[in-house]
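One structure is given below, encoded as structure tokens.
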Amino acid sequence: MLKLVEKKRWYFIISAIMIIPGLISMIVTTIGTGSPFRTSIDFNGGSLWEVQFTQPITPSEIMTIFKDNGYSDVTVQTVTNDRTVSIRTVTLEQEEKQALLAKLQEKYGEATELRFSSVGPSIGQETTRAAVVAIIATSLATLLFVALAFRKVPHAFRYGVCATLKMVHDILFLLGLASILGNLVGWEVDSLFLTAVLTVVGFSVQDVIVVFDRIRENVQKYKGEDLDTIIDRSLTETLKRSLTTQLNSIFVMVAIILFGGVTIRQFLLTMLIGMVAGTYSSLFFAVPLLSVWNNRVLRRQQHGTA
């Protein structure tokens with residue numbers, strides 16, 4: 001049986017290292033720009049324009065043409081091949097778009113418009129609101145489910161609170177990471193990012209409940225043992241299962257990241273990083289947190305008795 005709980009101080013230090021730099025980045029970025037993240041047109045409003053050329057092009061050259069014509073806020077990415085680009089910029093009127101298309105054709109020859117759409121900032125606000133509501137609903141549902149499923153275990157409420165705090169841990173880590181990468185490499189937060197965060201939350205809650213369920217079973221099975229020993233036993237029994245399940249998903253996502261389209265790469269990277277962090281926090285944050293809570297209550301009771 002692995003002795004994992006006794007190293008809980010190190011696990012909390014690792015969690016702090018994962019979260020604190022991101023929180024600092026969000027605070028500093030908010031002070032400097034008014035927003036903790038670099039947001040996409042999903043939140044700011046703007047136009048998404050996909051154009052296909054007959055010859056290979058580079059995104060930097062397209063950006064230069066836009067900036068030379070007064071459009072400084074522009075992001076250009078290649079899509080599927082080096083002849084197709086996705087251009088995100090401020091809202092373009094039909095006349096402005098045609099003028100820019102003429103400039104592009106003047107330099108690169110024939111160009112075909114594959115897609116053009118404009119998004120208002122209200123869409124991003126609605127998406128954010130829906131994501132916040134979903135997270136709150138998930139937290140309440142987790143507390144309710146654990147309270148019912150673990151009702152025969154002493155202090156079932158603690159399990160629910162630890163599972164919810166583990167979910168907050170994962171969300172803060174992903175938000176902080178998005179802020180840091182936005183400052184370093186221009187990573188933008190869009191509606192797909194929120195989708196990835198919600199997906200990670202779902203995986204993360206499921207994973208920690210599996211671990212807690214094994215603790216619940218062992219609490220009833222080994223009634224003479226203290227909780228830390230039961231936790232070590234439960235972690236040892238579920239460690240292989242948790243790692244195997246997550247590795248299967250990770251291998252699939254890595255393959256899609258390497259060989260899939262550019263447009264969903266950031267979404268998959270967010271999910272990949274979030275799932276790895278979620279697996280860690282299930283085993284080495286939520287469970288040690290339960291141990292710390294239980295031990296502190298026991299010490300208070302002993303001092304009160306004494």
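Observations on the model:
- Looking only at segment 92-119, and only at residues there that are surrounded by 14 or more Cβ atoms within 10 Å (Cβ to Cβ) and within 34 Å of the chain's Cα centre (by Cα), the one that is nearest to Arg38 (Cα to Cα): Val119
- Applying a threshold of 6 Å to beta carbon distances and a minimum spacing of six or more residues, or different chains, the list of pairs starting in segment 210-234 at a residue that is over 19 Å from Lys166 (Cβ atoms) and ending at one that is among the hydroxyl-bearing types (Ser, Thr, Tyr) reads Asn218/Ser234.
- Residue match in segment 101-110 (condition: without any contact (Cβ under 8 Å) to a residue 12 or more places away in the chain and on the phi > 0 side of the Ramachandran plot): no
- Single residue of segment 164-195 satisfying the filter (more than 27 Å from Ile209 (Cα to Cα) and not aliphatic (A, V, I, L, M)) that is surrounded by the most Cβ atoms within 10 Å (Cβ to Cβ): Ser179
- Filtered residue count, segment 131-163, keeping only those that are surrounded by fewer than 16 Cβ atoms within 10 Å (Cβ to Cβ) and among the aromatic types (Phe, Trp, Tyr): 2
- Which numbered condition Ala16 fails, given (1) assigned by TED's automatic domain parsing to the domain that holds Leu258; (2) not in a helix (DSSP H, G or I): (2)
- Whichever residue in segment 196-242 is among the charged types (D, E, K, R) and surrounded by 15 or more Cβ atoms within 10 Å (Cβ to Cβ) and, among such residues, is nearest to Ser282 (Cα to Cα): Asp207
- One residue from Gln220, Gln302 being modelled with pLDDT under 85, part of a helix (DSSP H, G or I), under 19 Å from Ala147 (Cα atoms) and not aliphatic (A, V, I, L, M): Gln220
- Top-ranked residue of segment 10-41 - restricted to ones that are loosely packed, with under 12 Cβ neighbours inside 10 Å and aliphatic (A, V, I, L, M), ranked as nearest to Ile87 (Cα to Cα): Ile31
- Considering (1) in contact with a helix residue (DSSP H, G or I) (Cβ under 7 Å, 6 or more places away or on another chain); (2) part of a helix (DSSP H, G or I); (3) small (Gly, Ala, Ser), the lone condition that Ser60 does not fulfil carries the number (1).
- Considering residues of segment 180-192 that are assigned to a helix (DSSP H, G or I) and either in contact with a helix residue (DSSP H, G or I) (Cβ under 6 Å, 6 or more places away or on another chain) or not assigned by TED's automatic domain parsing to the domain that holds Ala141 (or both) only, the residue modelled with the highest pLDDT: Ile180
- Inside segment 25-43, residues that are assigned to a helix (DSSP H, G or I), touching a residue at least 40 places away in the same chain (Cβ under 8 Å) and either outside the structural domain of Val168 (by TED's automatic domain parsing) or not polar (S, T, N, Q) (or both) make up a count of 4.
- Filter pass, Ser204 being hydroxyl-bearing (Ser, Thr, Tyr), touching an Asp or Glu at 6+ places or on another chain (Cβ under 6 Å) and either part of a helix (DSSP H, G or I) or over 30 Å from Leu148 (Cβ atoms) (or both): yes
The values are calculated or read from the model by the stated rules, or taken from the named source; none is laboratory data. Just so it is clear, the structure is predicted and the values come from calculations on it, not from any experiment. Reconstructed Cβ throughout: ideal geometry from the backbone, glycine too, with neighbour counts over all protein chains shown.
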